[in-house]
There are 2 protein chains.
Amino acid sequence: MGADGTRPGARLYEALSAAALPEGVTLRPVECLSACSQGCAVALSAPGKWSYVYGRLSAHDAAEILAGAARYAACADGLVPWRERPEIFRKQSLARIPPQE
Amino acid sequence: MGADGTRPGARLYEALSAAALPEGVTLRPVECLSACSQGCAVALSAPGKWSYVYGRLSAHDAAEILAGAARYAACADGLVPWRERPEIFRKQSLARIPPQE
């Protein structure tokens with residue numbers, strides 16, 4: 001928690017909300033991603049695509065998260081080429097889930 | 001790897017394949033769930049439901065995984081009441097992802 005009692009997830013959400021969202025990206029706050037030991041987490045998901053969950057994030061990562069989300073939104077199956085993923089996505093993946101077919 | 005070179009994930013898949021699948025449950029092997037540091041992992045997902053990823057599993061957990069999958073299949077939103085989840089699902093969740101709405 002911050003000195004003002006704000007939770008890290010709320011601060012990350014605030015940082016993401018303050019930015020212009022990339023085309024095709026919507027932002028949705030959730031209470032819990034069941035990744036308690038991994039700090040702040042975000043999930044990327046879309047119909048027909050692989051879903052990803054990333055952890056150990058903070059409000060400082062907002063710009064990089066949005067850059068990665070833009071790549072994901074532009075990619076038909078959600079499998080963004082490795083070199084095009086931001087470093088936080090390459091190193092801080094908690095899990096991914098196949099598309100529902 | 002086992003003495004015969006079989007990977008743990010392949011052994012888990014074999015154990016799950018050998019069992020009778022609960023109603024509404026289908027089994028699909030995947031190459032990678034991006035949870036490298038967490039041993040064998042399984043994901044539960046279905047349209048309109050929360051998706052879950054569990055880790056640190058082995059072939060010995062097959063029966064409990066299938067019991068948990070049966071509860072999940074029978075539950076409209078994927079949010080199985082805590083006490084009805086097998087212990088491995090209560091303690092070994094890596095992440096969950098909200099339904100795509």
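Numbers below:
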item	result
Output for segment B:1-27, where each listed residue is among the charged types (D, E, K, R), open to solvent by less than 90 Å² (accessible area, probe 1.4 Å) and without any contact (Cβ under 8 Å) to a residue 12 or more places away in the chain	none
Residue ID - nearest to the other protein chains (Cβ to nearest Cβ), chosen from residues in segment A:18-57 that are over 19 Å from B:R90 (Cα atoms) and charged (D, E, K, R)	A:R28
Close pairs (7 angstrom Cβ cut-off, 6 or more residues apart or separate chains): away from chain B (no Cβ under 14 Å) in segment A:83-96, of a type outside the set (G, A, S) anywhere	A:E84/A:R71; A:P86/A:E64
Test: residue in segment A:60-82 that is in contact with a Gly (Cβ under 7 Å, 6 or more places away or on another chain) and within 24 Å of B:L44 (Cβ to Cβ)	yes
Filtered residue count, segment B:64-82, keeping only those that are within 14 Å of chain A (Cβ to nearest Cβ) and open to solvent by 40 Å² or more (accessible area, probe 1.4 Å)	3
Per-region count, segment A:45-92, residues farther than 29 Å from B:G48 by Cβ and not basic (K, R)	14
Some residue of segment B:55-63 being open to solvent by less than 30 Å² (accessible area, probe 1.4 Å) and either free of Cβ contacts under 8 Å to residues at least 40 places away in the same chain or of a type in the set (V, I, T) (or both)	yes
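The values are calculated or read from the model by the stated rules, or taken from the named source; none is laboratory data. Just so we're clear, the structure is a prediction, and the values are computed from it rather than from any experiment. In this analysis, Cβ positions are derived from the backbone assuming ideal geometry, glycine residues included, and neighbour counts consider all displayed protein chains. SASA here: full protein model, heavy atoms, side chains in, ligands and nucleic acids out. Shrake-Rupley method; radii C 1.70, N 1.55, O 1.52, S 1.80 Å.
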